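Asks: First the structure, then my questions, so here it is.
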Amino acid sequence: MWWMRGRSDVIAQLTARERDGLAISVATLAELYEGAASARDPAAAGSALNNFLQLVTIIPLSETVAARFGKEAALLRRSGQPLPDFDLVIAATALHHGLMLLTEDGHFARIAGLQVQSLSSVTR
């Protein structure tokens, strides 16, 4: 994540969006913890992660998000374009809560109805 890598442009943009509300899926949280633990300097990455977590609401996995995950996963598998499960949980969370997904992962565009914005366009 660019925040943990100290990208000042991303930090400034996300901090500015804090008043509008920022949220992450619990699946995103798990991926962020993995990234921090795998970093060259886990202590520094963990500190950066803790700072980031002060800006966001963590959205837990719910039965309705799980049902949306199942629907989207089945549609994508039938079309021959499956996505990793954690990415689908993230997408299902955003869809269920009507949230825009800020990401650089282009494969989220495969999910009908998901609002996606590139982080690089946020930082311009």
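Asks: Condition first: surrounded by fewer than 13 Cβ atoms within 10 Å (Cβ to Cβ) and more than 16 Å from the chain's Cα centre (by Cα). Now tell me which residues in the range 51-65 satisfy that.
Replies: N51, E63, T64
Asks: Residue by residue through the range 14-30, note down the ones that are surrounded by 15 or more Cβ atoms within 10 Å (Cβ to Cβ) and of a type outside the set (A, V, I, L, M, F, W, C).
Replies: Scanning the range 14-30 gives S25, T28.
Asks: Next question. Pull up the range 30-44, narrow it to residues that are assigned to a helix (DSSP H, G or I) and more than 17 Å from the chain's Cα centre (by Cα), then point me to the one that is modelled with the lowest pLDDT.
Replies: A44
Asks: With the requirement that a residue be in contact with a Leu (Cβ under 7 Å, 6 or more places away or on another chain) and modelled with pLDDT of 95 or more, what does the range 91-112 give you?
Replies: Those that are in contact with a Leu (Cβ under 7 Å, 6 or more places away or on another chain) and modelled with pLDDT of 95 or more: A91, A94, L95.
Asks: Quickly run through the range 45-75 and pick out the residues that are within 14 Å of A92 (Cα to Cα), assigned to a helix (DSSP H, G or I) and hydroxyl-bearing (S, T, Y).
Replies: T64 - this is the single residue of the range 45-75 that is within 14 Å of A92 (Cα to Cα), assigned to a helix (DSSP H, G or I) and hydroxyl-bearing (S, T, Y).
Asks: Considering only residues that are free of Cβ contacts under 8 Å to residues at least 12 places away in the same chain and in a helix (DSSP H, G or I), which ones fall in the range 76-95?
Replies: Correct list: R77, R78.
The values are calculated or read from the model by the stated rules, or taken from the named source; none is laboratory data. Keep in mind that this is a model prediction, so the values were computed, not measured. Glycine also receives a Cβ, built like all others from the backbone with ideal geometry; neighbour counts cover every protein chain displayed.
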